[in-house]
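First up is the structure itself, then whatever we jot down about it.
The values are calculated or read from the model by the stated rules, or taken from the named source; none is laboratory data. Keep in mind the model is a prediction, meaning the values are calculated, not measured. No Cβ is skipped: glycine too gets one built from the backbone with ideal geometry, and neighbour counts run over all protein chains shown.
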Amino acid sequence: MNIKKLNILLADDDTDDCLFFKEALEAMPVITQFKAVHDGEQLMHLLNRETEPLPNVLFLDLNMPRKNGFECLAEIKQNEKLKAMPVVIFSTSYEQEVVNLLYNGGAQYFIRKPSEFAMFKKIIFHVLTLITQDLLTGHVKYIIQPARENFVLTVEDILTI
C-alpha cells in the first residue's frame, strides 16, 4: 500500500471544531483529503457506501446527534469492511471508565480536545504521525491498537517528545 495523500474523515457536530481541524490539517507538512460529517447516522451512511473510499483514519467525537460515537465505534468494529480502519476518539471530556470502554471497543487512540489552536494542531499531527508512519512506507496494511498505557494522548505527552 502506497499512500500519497491521507484520506481523513472527521465526525463531529461542532462546526467550529471541524473548521479548526481543517485549518490544522492545512498547516501540516502532509497532503490530506479532508471530509467532515456532523452526526453518527451521516457517518455510518458514508462509510457503508460502496462508492466511497474508506478513510485512512477516522476522528470520531463521542457526543453527536442521531447516533453517538459509542454506537458508531461498535458498528464500525463489527463490520468486516470497516473494522481495520483506525478510529481516534476526539472528545472534550475525560472519564477513565469511558476511556476503558473505548479501548475495549477497539478505538485506536483517545484524544482530549485541547482548547488552544496551537496544541490542537500539535496533537492532530502527532496522532497522524503515529498512525501513518508504517502506512506511508507500505510496511503494514493496518495499524495495531497500542498498549493500554499508550491509548490516551494528551498535550502534555507531545510536549515531552
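Observations, loosely collected:
- Residue check, residue 97 more than 15 Å from the chain's Cα centre (by Cα), within 21 Å of residue 77 (Cα to Cα) and surrounded by fewer than 15 Cβ atoms within 10 Å (Cβ to Cβ): yes
Listed here are the residues, each with its yes/no results for (1) touching a Pro at 6+ places or on another chain (Cβ under 8 Å); (2) within 30 Å of residue 97 (Cβ to Cβ).
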position: 14; (1), (2): no, yes
position: 25; (1), (2): no, no
position: 30; (1), (2): no, no
position: 37; (1), (2): no, yes
position: 40; (1), (2): yes, yes
position: 50; (1), (2): no, no
position: 64; (1), (2): no, yes
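Residues are listed down the side, and each one gets a yes or a no for (1) in contact with a His (Cβ under 6 Å, 6 or more places away or on another chain); (2) over 22 Å from residue 143 (Cβ atoms); (3) of a type in the set (Ser, Thr, Tyr):
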site: 7; (1), (2), (3): no, no, no
site: 23; (1), (2), (3): no, yes, no
site: 28; (1), (2), (3): no, no, no
site: 34; (1), (2), (3): no, no, no
site: 72; (1), (2), (3): no, no, no
site: 85; (1), (2), (3): no, no, no
site: 92; (1), (2), (3): no, yes, yes
site: 97; (1), (2), (3): no, yes, no
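- So residue 114, is it closer than 20 Å to residue 5 by Cα, within 17 Å of the chain's Cα centre (by Cα), at pLDDT below 85 and in a loop (DSSP other than H, G, I, E, B): no
- Selection count, segment 10-46, where residues are more than 12 Å from residue 120 (Cα to Cα) and among the aromatic types (Phe, Trp, Tyr): 1
- Residue within segment 61-76 that is under 12 Å from the mean Cα position of the chain (by Cα), among the β-branched types (Val, Ile, Thr) and surrounded by 13 or more Cβ atoms within 10 Å (Cβ to Cβ) present: no
- Taking the criterion of being outside any loop (DSSP other than H, G, I, E, B) and surrounded by 13 or more Cβ atoms within 10 Å (Cβ to Cβ), the residues of segment 77-92 that qualify are 77, 87, 88, 89, 90, 91.
- Odd one out for residue 148, checked against (1) surrounded by 15 or more Cβ atoms within 10 Å (Cβ to Cβ); (2) at pLDDT 85 or above; (3) of a type in the set (Lys, Arg): (1)
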